[in-house]
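Participant: Take this structure first; my questions come after.
The values are calculated or read from the model by the stated rules, or taken from the named source; none is laboratory data. Keep in mind that this is a model prediction, so the values were computed, not measured. Glycine gets a Cβ as well: all are built from the backbone with ideal geometry, and neighbour counts include every protein chain shown. Ligands, DNA and RNA are excluded from the accessible area calculation, which covers all protein heavy atoms including side chains. Shrake-Rupley method; radii C 1.70, N 1.55, O 1.52, S 1.80 Å.
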Amino acid sequence: MILYPAIDIRGGQAVRLLEGDYARETIYDADPVDAATRWAGEGAEFLHVVDLDGAKAGEPQNLDAVERIANAVECPIQVGGGLRDAESVQHALDAGAQRVVIGTAALKDPDFLQATIAAHGDRVVVSVDARAGKVALEGWTTAGQETAVDAVAALSERGVARFLFTAIEQDGTMEGPALDQLDEIASSTSAQVIASGGVGTLDHLTSLSSSAPQLDGVIVGRALYEQRFTVREAIEALRR
């Protein structure tokens with residue numbers, strides 16, 4: 001499994017939200033490039049960058065920071081947040097993203113999803129985020145009616161090769177990943193799945209590494225910022 005240190009950008013700073021709540025924000029780095037170079041320096045193989053302002057606004061707001069991160073590190077980055085049309089996706093790739101993460105638009109606009117996959121193939125990751133098992137949209141501010149499991153199954157039939165799944169209730173809590181939900185998600189698709197939310201210990205990572213074979217990566221944020229473990233220790237735990 002691949003470790004993806006998370007860099008969530010809001011107001012130009014690297015932050016973490018608790019349970020997806022924009023009012024419960026902790027600022028960790030005034031410049032997200034500092035976080036990126038720190039994680040890369042510790043051996044990160046891939047970085048996960050989210051434009052929180054873009055997710056809420058519906059269009060990218062921090063591509064300048066994305067470009068500075070891409071120029072500052074040698075490892076690839078995947079970028080999400082407000083990528084809801086072809087132009088925004090291209091701008092993120094032009095800024096240096098190896099992969100783009102699309103969420104709301106993938107669920108609400110099948111034509112856009114198909115066109116994006118046709119244009120960019122396996123550089124496209126579809127984010128399915130759930131609160132109480134139901135999909136959450138518009139930067140986690142709007143509740144959908146479809147279950148996350150049903151959404152993943154339907155999107156798999158449209159050719160999605162990699163998903164990112166977040167159980168919002170776990171996100172930022174460091175109380176452990178939603179293993180049961182992840183198992184349900186993995187069983188509904190043959191695509192690869194990146195897990196996100198709840199990791200707070202090396203044991204949590206070990207548990208994920210022995211879960212469903214479709215799980216090929218895990219995003220970790222707050223636990224790294226709060227020095228619960230290092231990037232190197234996390235990578236070793238996942239390899240065990």
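Participant: Any residue at all in the stretch 179-200 that is in a loop (DSSP other than H, G, I, E, B), among the hydrophobic types (A, V, I, L, M, F, W, C) and either within 18 Å of ARG131 (Cα to Cα) or at pLDDT 95 or above (or both)? If you could, list the steps in order and put the result at the bottom.
Facilitator: First, pick out the residues of the stretch 179-200 that are in a loop (DSSP other than H, G, I, E, B): 188-191, 197-200.
Next cut, among the hydrophobic types (A, V, I, L, M, F, W, C) only: 191, 199.
Of the ones still in play, those that are also either within 18 Å of ARG131 (Cα to Cα) or at pLDDT 95 or above (or both) are 191, 199.
Yes: the stretch 179-200 contains one or more residues that are in a loop (DSSP other than H, G, I, E, B), among the hydrophobic types (A, V, I, L, M, F, W, C) and either within 18 Å of ARG131 (Cα to Cα) or at pLDDT 95 or above (or both).
Participant: Would you confirm, using the coordinates I've provided, whether GLU184 is open to solvent by 60 Å² or more (accessible area, probe 1.4 Å) and either under 17 Å from the mean Cα position of the chain (by Cα) or within 28 Å of ARG10 (Cβ to Cβ) (or both)? I'd like the intermediate steps shown before the answer.
Facilitator: Details: open to solvent by 60 Å² or more (accessible area, probe 1.4 Å): yes; either under 17 Å from the mean Cα position of the chain (by Cα) or within 28 Å of ARG10 (Cβ to Cβ) (or both): no.
Taking the combined requirement at face value, the residue does not satisfy it.
Participant: If a residue must be farther than 24 Å from GLY121 by Cα and open to solvent by 20 Å² or more (accessible area, probe 1.4 Å), how many such residues does the stretch 34-87 contain?
Facilitator: Residues that pass the stated criteria total 14.
A quick yes/no check of all residues on (1) farther than 18 Å from GLU45 by Cα; (2) at pLDDT below 95; (3) more than 16 Å from the chain's Cα centre (by Cα); (4) surrounded by 17 or more Cβ atoms within 10 Å (Cβ to Cβ):
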{"site": "VAL89", "(1), (2), (3), (4)": "yes, no, no, yes"}
{"site": "ARG99", "(1), (2), (3), (4)": "no, no, no, yes"}
{"site": "ASP109", "(1), (2), (3), (4)": "yes, yes, yes, no"}
{"site": "GLN114", "(1), (2), (3), (4)": "yes, no, yes, no"}
{"site": "ALA119", "(1), (2), (3), (4)": "yes, no, yes, no"}
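Participant: Scan the stretch 191-209 and report the pairs whose first residue is under 19 Å from GLY80 (Cα atoms) and of a type in the set (Lys, Arg) and whose second residue is part of a helix (DSSP H, G or I) and open to solvent by 10 Å² or more (accessible area, probe 1.4 Å), with Cβ atoms within less than 6 Å and a gap of 6+ or a chain change.
Facilitator: Every condition considered, no pair remains.
So that you can scan it fast, the table gives a plain yes or no per residue for (1) farther than 29 Å from ARG10 by Cβ; (2) in a strand (DSSP E or B); (3) of a type outside the set (Lys, Arg); (4) modelled with pLDDT of 95 or more:
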site	(1), (2), (3), (4)
VAL125	no, yes, yes, yes
ALA130	no, yes, yes, no
ALA154	yes, no, yes, no
LEU164	no, yes, yes, yes
SER211	yes, no, yes, no
GLY217	no, yes, yes, yes
GLU233	no, no, yes, yes
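Participant: Tally the residues that are touching a Gly at 6+ places or on another chain (Cβ under 7 Å) and over 18 Å from GLY221 (Cα atoms), restricting the search to the stretch 39-64.
Facilitator: The qualifying residues number 8.
Participant: Residues of the stretch 19-43 being farther than 27 Å from ALA178 by Cα and among the polar types (S, T, N, Q), which ones?
Facilitator: Residue satisfying the conditions is THR37 alone.
Participant: What's the number of the only condition in (1) over 18 Å from LEU47 (Cα atoms); (2) in contact with an Asp or Glu (Cβ under 8 Å, 6 or more places away or on another chain); (3) open to solvent by less than 30 Å² (accessible area, probe 1.4 Å); (4) modelled with pLDDT under 90 that ALA148 fails to meet?
Facilitator: Going through (1) over 18 Å from LEU47 (Cα atoms); (2) in contact with an Asp or Glu (Cβ under 8 Å, 6 or more places away or on another chain); (3) open to solvent by less than 30 Å² (accessible area, probe 1.4 Å); (4) modelled with pLDDT under 90 one by one, ALA148 breaks only (4).
Participant: Which ones in the stretch 208-240 are open to solvent by 50 Å² or more (accessible area, probe 1.4 Å), out of contact with any Asp or Glu (no Cβ under 7 Å at 6 or more places or on another chain) and not acidic (Asp, Glu)? Reasoning before the result, please.
Facilitator: First, the residues of the stretch 208-240 that are open to solvent by 50 Å² or more (accessible area, probe 1.4 Å): 210, 213, 226-228, 230, 232-233, 236, 239-240.
Subsequent filtering for residues that are out of contact with any Asp or Glu (no Cβ under 7 Å at 6 or more places or on another chain) retains 210, 213, 226-228, 233, 236, 239-240.
Of everything in the stretch 208-240, those that are open to solvent by 50 Å² or more (accessible area, probe 1.4 Å), out of contact with any Asp or Glu (no Cβ under 7 Å at 6 or more places or on another chain) and not acidic (Asp, Glu) turn out to be SER210, PRO213, GLN227, ARG228, ARG239, ARG240.
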